[in-house]
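The values are calculated or read from the model by the stated rules, or taken from the named source; none is laboratory data. Keep in mind the model is a prediction, meaning the values are calculated, not measured. We place every Cβ from the backbone using ideal geometry, glycine too, and count neighbours over all the protein chains shown. SASA here: full protein model, heavy atoms, side chains in, ligands and nucleic acids out. Shrake-Rupley method; radii C 1.70, N 1.55, O 1.52, S 1.80 Å.
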Amino acid sequence: MTKIIDLSIKEKTYKSKNSQLSILNNFNLEVAAGEKIAIVGESGVGKSSLLNIIGLIDRNYVGAYTLFGSITNSLHTSELAQWRNQKIGFVLQESALINSLTIEDNIKLPLLYAGSGKKEFKAEDFESVVDAIGIKPILKKKPLECSGGEKARAVFARGVIMKPQIILADEPTASLDVENKERIVTLLFKMNKKFSTTIITVTHDLEIANRHDRVIHLERSK
Amino acid sequence: MKVFKYFISKIFLRKAVLGISMILLLCMANYITFTSSRSILSTYQGYQETKYINQEGNYIANLDPDSHMDMGLINENGTQAVYSYLNSYYNYAFYVDGFIVSVPNVDDMEVHLSYMNEEYYKLKQFELLQGVDLGFDYQLDDEIPVLVGKGLSKTYPVGSTIRIEESAIGLPITLKVKGVLKQNAYHSNYYALNSKTYYNFSIFFPVNKDFINHANIDLQLNGLMDITILQTSEEGVADLSEVLKDNLGLDFNFFSQKENYDYFNEYYLHSLKIMAIITFVLLAVITCISVWNALVSVRLMLKDFTINLLVGLSYSKLRKIFYIYFGILSFINLAVVFIFTAFNRYGCWIRKDATFVTYGLFGLIGMDWLALLVVVLLNIIIGIMIVETMLRKIKRIPISLGVLQ
């Protein structure tokens, strides 16, 4: 299988006025296309930081990162934004919606930045996504009018609307009940199966983690 | 454009109170800057104008504020004696304005007569739009050559005649229009340099010695109030002061070039400095409040920005959006200041206030446009400060998934 992620972090540090926190020391990760990876570990070990780096949000670390064969450090910020828009989908907790927008507008937000002549998007694609996720009845609602499960599915829909090659899921089921948790995980794995989308999930839930191809345990740096 | 529309309607306008407060803050900053700049420009113009008169060896008269003026004691013999003395021993620049005369015109404006002698006319170097310079060699029963303002030239072009009942000599006289003054020709008050009288509806009346001798006491006395004695000395003006005291019972001060500059430095330069400092402090305070307001906006909308950045918004696009947004806010404020100024200028036409009516592009005269340019520059500076501070703030909190949790 094609290797799409080749990440080597020497050190990632967070500085505050009085202290410095070092995480992900000498961390290496290679991911093949279509792989499902779970990242687990106690709070503060750098799980979300790792997703920030993989998702091209954070470049403040010592190391090297090659994504889809390109060295990411040499990419311009506007190229990174374009990759986040077209190649990477973020599936986050249900609170990651803009409350002033309807669910439909929230889901369609990535289309705003897709630009013309890049990735072609058809109205049927949107229909098929909302149908598959079962959120048609809430499209005109605002997030505050929806349940936690509905919001989680809306966040999921926004993350997959551009048919990304990688989905980065950060605790996508953290505050959901068992039924909705299962729904989201099933949707994630369906994406993987149907489009060979690479899934990287940060979770505290070992049961969900174990359903991935690979589980990476992060530990606190010594 | 789609992204910008989205930001305006769904993000910026969502917190309308922040947008409105930003508009109000910018409006205050713009208005303060505009009025201060215009005042400074107008004072500078007045200062430049006085340079023509306030030359070395010239002394400008001013009635001593402590001098008691009893009109009952002043008679024509006294003023005639003063002018005889002036004509015999001095060169002087004579100027009186504010005499209203009934001259019908298409704009139905009051027409002012501005009396000036040849020395004053030469010193002031008025620019003409048409025709020839004012001539001073005439007889009272001839057609008297005059210049008219641009507004009056619509009714009385070069070559036309105006029949008036002249109040200073109390005779009907015929004026012949010889030239038209450049639009917005003005005269600044020596003692309030930012205050101007515009000549668009004035008639420049040439004053010669014969005219002064025939003029009534009002014109003669008014002429003495601001008379400028040319190329004389301290002793020369001291003698004249005595003649004025003896014949009119009035104490006159004659200020030399240095005294006039000292007066300017003491009163105007000082007040201009204070005005500039106050303006600067107010602008600094308003800018700080605006930046704070912008940072509050960032804090309140951080989640929205973060989500947008996650799904494809770049910092460069965000910077562009912020600049367009502040460009629009600045444009709104600039338009408000522009409309306010144009309305004020237009108001002078409505009120038929002939001494203040002016001509200009969209009703605004040169110094208005210059002051607006200063406002534009200020908006650019404030805009850069606010946008860059906002972006720094957003970048300092790295877009991270943590922000959303």
Near the amide H of A:ALA169, under 5 Å away, which other amide H atoms are found, from residues 5 or more places off or on another chain, if H is placed in the peptide plane? A:VAL91, A:ILE200, A:THR201, A:VAL202
Quick check: the angle from helix B:76-89's long axis to the longest principal axis of chain B, C-alpha only, nearest 10 degrees? 80 degrees
The answer for the longest stretch of chain B without any exposed GluC sites (Glu not before Pro) (DSSP loop, at most 11 further Cβ atoms within 10 Å) is B:128-405
Just to confirm a number: summing +1 for Lys and Arg and -1 for Asp and Glu over residues other than B:THR161 whose beta-carbon lies under 10 angstrom from that of B:THR161, what do you get? +1
Nearest 10, in degrees from 0 to 90: the angle of helix B:315-350 to the longest Cα principal axis of chain B is 30 degrees
To the nearest 20 debye, the stretch B:62-255 has a Cα-centred charge dipole, built from +1 on Lys and Arg Cβ and -1 on Asp and Glu Cβ, of 920 debye
The summed charge of the B:TYR323 Cβ neighbourhood (under 13 Å; Lys/Arg +1, Asp/Glu -1) stands at +2
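For A:GLY55, what is the net charge nearby, where nearby means another residue's Cβ is under 15 Å from its Cβ and Lys, Arg count +1, Asp, Glu -1? Intermediate values should be presented prior to the final figure.
Working: positive: A:LYS12, A:LYS47, A:ARG59, A:ARG84, A:LYS87, A:ARG158; negative: A:ASP58, A:GLU79, A:ASP170, A:GLU171.
Around A:GLY55, the charge tally is +2.
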Between B:PHE362 and B:ASN253, the FRET efficiency computed from the C-beta separation at R0 = 56 Å comes out, to the nearest 0.05, as 0.80
Cα centroid separation - the stretch A:28-93 against the stretch B:145-163, whole Å: 81 Å
Might you work out the accessible area of B:THR174 for me, using a 1.4 Å probe with all protein chains in place, and round it to the nearest 10 Å²? 30 Å²
Dipole of the stretch B:62-255, positive end: most advanced residue of B:VAL103, B:PHE205, B:PRO65 [Cβ charges, Cα centre]: B:VAL103
Pick out, in residue order, every one of the chymotrypsin sites (Phe, Trp or Tyr not before Pro) in the stretch B:216-255 that is DSSP loop and has at most 14 other C-beta atoms within 10 Å; say none if there are none. none
As I understand it, the value is the acute angle between the Cα axis of helix A:77-86 and the longest principal axis of the Cα atoms of chain A; what does it come to in degrees, rounded to 10? 50 degrees
Kirkwood hydrodynamic radius for chain A: how many Å is it when counted over pairs of different Cα atoms? 18.1 Å
Give me a comma-separated list of calculated 3J(HN,Hα) values for the stretch B:263-277, in order, Karplus coefficients 6.51, -1.76, 1.60 applied at θ = phi - 60°, integers in Hz, x for any Gly or Pro. 4, 4, 5, 5, 9, 7, 4, 4, 5, 5, 4, 4, 4, 5, 5
5 Å is the cut-off here: which amide hydrogens, built 1.01 Å from N in the peptide plane, fall below it relative to A:LEU218, excluding neighbours closer than 5 in sequence? A:VAL40, A:GLY41
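Ignoring ligands, DNA and RNA, what accessible area per residue does the protein assembly as shown give at 1.4 Å, in Å²? Let's see the in-between values first.
Numbers: 29120 Å² over 627 residues.
Accessible surface, normalised per residue, equals 46 Å².
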Please check: in the Gaussian network model of chain A (C-alpha springs, under 10 Å), which one of A:LEU24, A:LEU101, A:LEU50 has the largest mean-square fluctuation. A:LEU101
Considering amide H positions built from the backbone, and no H for Pro or chain starts, which residues 5 or more places from A:GLU11, or on another chain, come under 5 Å of its amide H? A:ASN26, A:VAL62
If exposed chymotrypsin sites (Phe, Trp or Tyr not before Pro) are those in a DSSP loop with at most 16 other Cβ within 10 Å, what is the longest stretch of chain A that has none? A:122-222
Most mobile listed residue (A:LYS181, A:LYS193, A:LYS163) in chain A, GNM with C-alpha springs under 10 Å: A:LYS193
Pairwise label distance in nanometres, B:ASP262 with A:SER22, each label 7 Å out on the Cα-Cβ vector: 7.5 nm
Using the Karplus curve 6.51 cos²θ - 1.76 cosθ + 1.60 with θ = phi - 60°, what ³J(HN,Hα) values do you get for each residue of the stretch B:371-385, in whole Hz, with x for Gly and Pro? 5, 5, 4, 4, 4, 4, 4, 4, 4, 5, 5, 4, x, 4, 4
Debye log10 I(q)/I(0) for the protein assembly as shown, one point scatterer per Cα, at q = 0.07, 0.10, 0.11, 0.12 Å⁻¹: -0.64, -0.89, -1.03, -1.17
Reported to the nearest 10 Å², B:LEU269 has, with a 1.4 Å probe, an accessible area equal to 60 Å²
Which residue fluctuates the most in chain B, going by a Gaussian network model with Cα springs under 10 Å, if the choices are B:TYR268, B:TYR85, B:TYR186? B:TYR85
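Share of Cα-Cα pairs in chain B beyond 37 Å, in percent? Numbers along the way, then the final one.
Working: 34734 of 81810 pairs.
Counting every Cα pair in chain B, those more than 37 Å apart make up 42 percent.
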Calculated [θ] (222 nm, deg cm²/dmol) that DSSP helices of n ≥ 4 give over chain A, each run adding -39,500 (n - 2.57): -10000 deg cm²/dmol
Shape parameters for the stretch B:62-255, alpha-carbon atoms, Rg then Dmax in Å: 17.0, 51
Which distance in Å, rounded to a whole number, links the C-alpha centroids of the stretch B:185-204 and the stretch B:328-374? 18 Å
Using only alpha carbon pairs under 8 Å that are at least six residues apart, calculate the relative contact order of the stretch B:62-255 and give it in whole percent. 31 percent
Each residue of the stretch A:41-57 in turn: what ³J(HN,Hα) in whole Hz from Karplus with 6.51, -1.76, 1.60 and θ = phi - 60°, glycine and Pro shown as x? x, 6, 4, x, 7, x, 5, 5, 4, 5, 5, 4, 6, 4, x, 6, 8
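Pull up the DSSP beta bridges for the protein assembly as shown and report the antiparallel fraction as a percent, rounded to 5. Display every interim value, and only then the final one.
Values: 48 of 77 bridges.
Expressed as a percentage, antiparallel bridges in the protein assembly as shown total about 60.
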Note down the accessible area of A:LYS140, probe 1.4 Å, to the nearest 10 Å². 150 Å²
Per-residue accessible area, 1.4 Å probe, largest first, puts A:SER8, B:SER290 in the order A:SER8, B:SER290
